[in-house]
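As structure tokens, the structure follows; a few thoughts come after it.
Values quoted throughout were computed directly from the atomic coordinates according to the rules given, and no laboratory measurement underlies them. Values in this document were obtained by computation on a predicted structure and should not be read as measured data. In this analysis, Cβ positions are derived from the backbone assuming ideal geometry, glycine residues included, and neighbour counts consider all displayed protein chains.
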Amino acid sequence: MTHTTASHPRRRPGGPRSPRLSLKLAEPPVRQGLPPLVVTERQGPALRPNPLSQIVRGEVLGLNLSAHCGQECVFCFARAYPGQQAHDAFALYADTAKQIRTELSQRRRMPRAVYLCPSTDPFPPFVAAQVEACRAVQALAEFGVEPWIMTRGFIRPFALDVLERLGDMIRVTIPMTTLDNRLRRALEPLTAPPRLRLKQLRHLRELGIRTEAALEPLLPGLTDTRANLEPLLAALADAGVRHVTAGYLFLRHGIRENLLREYAGARGVIDAYETGPVLPMGTLAPAQHLPQRERQRGYGLLMTLAASRGIRVSISALSNPDFSSPSTGRLSPRGYYQKELACLR
Ligand code: SF4
């Protein structure tokens, strides 16, 4: 299926206004009806085990800065966890930086890195949340722990200044789904617009911060098409990107429900999974995946288009648990998987 922009309205009203791009990074659109921010006490430790430790060298912990994500992507697996749907405020955890310092000072051995964030975005459209994210990365850096950041959001200038000071201690991954801003608004309503994300990606690299792009998640018939990928890859190449990671959406009951409720074009995406395998995913719950043949076809197209732009593609190990080892000669996610941050949501 080839998508047209007019066919992807989001079900809920009140999408973000169109962005105004300028030479400076523009302010992100603010959706009417952004929920109020409340500060809440965290139950339990801030730094928690993370599945990245299974696929990268060294220990990687995860850190969420809020009780749920402020960006409401329709495909998000974290939003599909029980209890994540019903909230009428954005709940930011109190005193995260202080808790990080306490927890790290009690450890005999430091983790290699902390991933922000496994289930939430560290740079949602709330200033107080971005202030807290900055405090958290500074606290990690004090202990020599690398902050690994993944964000679909607009990183405000004051936060960029903090990241710049930490230099190559930081890693940032910016996931992209499309250049089509109408489609982005339908799929990722409170995230930064694609052109702004690209500008941000380029800017972060100019600041000397290790910054990668991820095509996450690929949605069959929607964002994995030649029509969607060609302009996106061209724009990434223009931004200086020479490597991307990629992985298809996987489905669980809650993800399927969210898609059907919030995205008018969901049925076409979900039908593609009908004969797909349900696979274990390590410490994460099993999920249904696109049939392997369809994933291989999609990755093949992506790699071909990317190669024509001088971009190398690594395939997500996490979202392709059934792919074989390099010795079989078939597509091997572990062989390609080098940029560890991608593919966790
Ligand atoms: S995909 Fe990321 S940014 Fe979007 S809702 Fe989930 S955690 Fe937030």
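Our estimate of slack between R109 and D95, defined as 0.36 nm per intervening residue step minus the Cα-Cα distance, is 2.8 nm.
Each Lys or Arg adds one and each Asp or Glu takes one away; over the other residues whose Cβ falls under 12 Å from the Cβ of M169, this sums to 0.
Using alpha carbons only, how many angstrom separate the centre of the stretch 78-138 from the centre of the stretch 234-264? Centre-to-centre (Cα) distance: 23 Å. Please compute, over every Cα-Cα pair in the stretch 35-336, the percentage with a separation greater than 28 angstrom. That fraction is 38 percent.
Please check which bits of the stretch 144-187 a label hung off I55 would reach, taking the label as a point 7 Å along Cα-to-C-beta and the cut-off as backbone N under 17 Å. Within reach of a label on I55: 148-151, 172-176.
Label positions at A285 and T102, each projected 7 Å from the Cα along the C-beta direction, are separated by 3.0 nm.
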